[in-house]
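The values are calculated or read from the model by the stated rules, or taken from the named source; none is laboratory data. Given the structure is predicted, the values throughout are model-derived calculations rather than measurements. All Cβ positions, even for glycine, are placed from backbone atoms using ideal geometry, and neighbour counts span all protein chains on display. Accessible surface is based on the protein model in full, side chains and every heavy atom, while ligands, DNA and RNA are left aside. Shrake-Rupley method; radii C 1.70, N 1.55, O 1.52, S 1.80 Å.
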Amino acid sequence: MEIETTKTEASLLEYRLTMGMTVMEGQGFYYPVDTTVAADGRMYVVSRSRDEVARGVRVTMCTVDGEYFGNFGGFGEGDGQFIWPCCSAIDSLGRFYVTDEELHRIVVFDESGKFLYKWGEHGSLDGELDTPSGIAFDSHDNLYVADTYNNRIQKFTNDGRFLMGFGDEGMNLPWGLTTDGHDNLYVADWGNDSIRKFSSDGIEIACFGSSGKNDGEFCRPSSVAVDRDGYIYVADWGNERVQVLNPEGEFVEKLRGDATISSWAQNFLNINVEEASARDRSDLNLQIEYVDDTPHEESSHIERYFWSPTSVTLDKNGLLYVTEANRHRIQVYSRKDR
């Protein structure tokens, strides 16, 4: 099989670096599912671990330059704990919010990781939640929540007071959310293989994409981000790639991944020379004939490719962070024109 190339001279993005390494505790990630970046550059990376496995569940604080500040949270049902953490967001005061799909609630911390409060009740009535996933704030600190198994979006104040709900007609397991500079909401409609755009009062403005593997088509999109110019970035989870659309929803570019060794992993290999030697002898870009010629099979064998890209996130400088659950890392890209 010939390795796919997605770079062109007209490409919008360029690869910068890879972050992270696989650890169940301490400095690193374990099945990370989302990344949120604060205004000061501090990153919060949510590690979900494996379902029902206590070790590994946590939030890691770090920076894109590799500075490590520690972890908070953990597996459980108590204050500041999670069972199935999923997505995260930060409000204007720097408070950090995490959804818990299993406990059907939102957990809130201060900027240092100290537990503040939690809210959410399981159900299908207004203000109740069933497996909440994506969350995003607007410019007024209102919080949108992807109420996934209720197939709708709900809007709350940042302390959990219900404001409105919408999208339940035709939406199918919504996942990742983001807002743009005009407080429009973008939804990764996972079950419908599309990106949907709503006004702040819940009116659908546009719907982009359809099911498939071609440019501009999606297979179970899990996350969406929008930059200040209106370009739309989609974690095309089922196709093991990231796609970029222009503000009108037209295809611009796709990425399969460009990972290199992170600084944390390189430090580990410098100390553990036997593992470094085994890695040096390995073929990390296998060119073989696959029995099941799918993006998943390619990504599982080729290290630089995305493997389960669950989240795309932009920081204030326009850096794009792609969180990969199955390789326990984040790949970082920048706009070429900035």
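One table, with the values for the structure above:
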| quantity | calculated |
| --- | --- |
| Two-site FRET efficiency, Leu286 against Glu67, from Cβ-Cβ distance with R₀ of 41 Å, rounded to 0.05 | 0.75 |
| Computed label-point distance, nm, for sites Ser211 and Ala38 using a 7 Å Cα→Cβ extension | 4.3 nm |
| Region 166-224: GluC sites (Glu not before Pro) in DSSP loop, at most 12 other beta carbons within 10 Å | Glu169 |
| Cα gyration tensor shape of region 175-252, rounded if a/c is under 1.5, else prolate or oblate by comparing a/b with b/c | prolate |
| Overall form of region 47-126 per C-alpha gyration tensor (a/c, 1.5; a/b vs b/c) | oblate |
| Leading residue at positive end of dipole, region 1-130 (Cβ point charges), from Val45, Gly127, Cys87 | Val45 |
| Rg over Rh, two decimals, region 38-184 (C-alpha only, Kirkwood Rh) | 0.95 |
| Choice from Pro221, Pro174, Pro295 with maximal GNM fluctuation in the chain (Cα, 10 Å cutoff) | Pro295 |
| Cleavage-rule hits (trypsin sites (Lys or Arg not before Pro)) in region 282-331: DSSP loop, at most 12 neighbouring Cβ within 10 angstrom | Lys316 |
| Surface share of carbon and sulfur [accessible, 1.4 angstrom probe, percent] for the chain | 45 percent |
| Low-density loop cleavage sites - GluC sites (Glu not before Pro) in region 240-289, where at most 13 other Cβ are within 10 Å (DSSP) | Glu248, Glu250, Glu289 |
| Equivalent ellipsoid dimensions for region 130-241 as semi-axes, Å, which come from the Cα gyration tensor, largest first | 22, 15, 11 |
| For the chain, accessible area per residue (1.4 Å probe, heavy atoms of protein chains only), Å² | 43 Å² |
| Kirkwood-type radius of the chain, with distances r between different C-alpha atoms, in Å | 20.0 Å |
| Calculated FRET efficiency for the pair Glu297/Leu93, C-beta based, R₀ 41 Å, to 0.05 | 0.35 |
